[in-house]
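What follows draws every value from the coordinates through simple rules; no lab data is involved. As the structure is a prediction and not an experimental result, all values here were calculated from the model. As a convention, Cβ positions derive from the backbone with ideal geometry for all residues, glycine included, and neighbour counts pool all protein chains shown.
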Amino acid sequence: MNRKALARQWQWGCLAVSFLTRLPAPIHGEVTPQALGRCHRWFSLVGALIGLGLALVYWGFEQMFPAPVAVFVTLGISLWLTGALHEDGLADCMDGLGGGTDVAQRLAIMKDSRVGSYGVLALIVSLLGRWLLLSTLAQQDTGLVMMALITSHSLSRGLAAFMMGILPYLRCDRDSKVHALTGHHRPSDRGWLTGVGVLVTVLVAGMSSGVILLVVTALCGLILYRWLKQQLGGVTGDALGAVQQMTELLLYLTLAALHA
């Protein structure tokens, strides 16, 4: 790989960091529609780095506070780090799917900035569920929590990006951040996305647990694919946020069941 190709990959990686986090990323060169459309290939890797950062945060606070408190602080920092991007999507998606009777109405509700009862309840389940499941893992071993954070953040963002490439994007507004990512997808990008997620999971969780997590992620993706296709006929940014949140929560539940 020559210098120009490396610079292009670096730019795509920085764009992925910029999209998924609040961190300032040094994006050099012209940001073309092709670059925006292909940066999703690094979502699994960026998710793993987010998880690694949160794992180190948890490890540090766990030295000073009881595990449930350390988990609470880690979740709070994760909300700041990502700008609650996926939580916002989950709330809007649940409001739309819970309150709408047809696709047009569901999309209109999802676009409304106000949060309804379905969205509030979904956020409570997500935040409380993550705190409870990670605290349960912490009772077994600190390393389990760190492993769960790295693998789940990687796989959940990888699955959301994968969905972005196989379902049509429903919003026509060109100012949407996700709209820019939906073009120029190539099979090689999905290969990198999947390969990085698999590699991270197997290296961090080990072969046996890693395979189980990968199977659960694949099954979760299949179910969510059919659900979103039936309910919406495609995806929006809010729906992708819901995919990430549901997958992360399910992976924590899987690990809690494996190590209870």
Subtracting the Cα-Cα distance from 0.36 nm times the residue separation, let me have the gained length for Leu79 to Ser113 in nm, one decimal. 10.4 nm
Taking 7 Å along the Cα-to-C-beta vector as the label spot, tell me the Leu121-Leu258 distance in nanometres, rounded to one decimal. 3.1 nm
Could you check the spin-label model distance between Val69 and Arg3? Points 7 Å from the Cα along Cα→Cβ, value in nm. 5.3 nm
Could you give the length gained by full extension between Gln140 and Leu23, i.e. 0.36 nm per residue of separation minus their alpha carbon distance, to one decimal place? 38.9 nm
Within 10 Å of each candidate Cβ there may be at most 14 other Cβ atoms; applying that plus a DSSP loop requirement, which GluC sites (Glu not before Pro) in the stretch 23-118 survive? Glu30
Write down the Kirkwood hydrodynamic radius of the stretch 8-100, to one decimal in angstroms, obtained as one divided by the mean of 1/r over all alpha carbon pairs. 15.1 Å
Which distance in Å, rounded to a whole number, links the C-alpha centroids of the stretch 1-79 and the stretch 80-105? 23 Å
List the equivalent ellipsoid semi-axes of the stretch 41-258 in whole Å, largest first, each obtained as the square root of 5λ for an eigenvalue λ of the Cα gyration tensor. 28, 20, 15
Rg [Å, one decimal], Dmax [Å, integer] - the stretch 191-237, C-alpha atoms: 13.2, 37
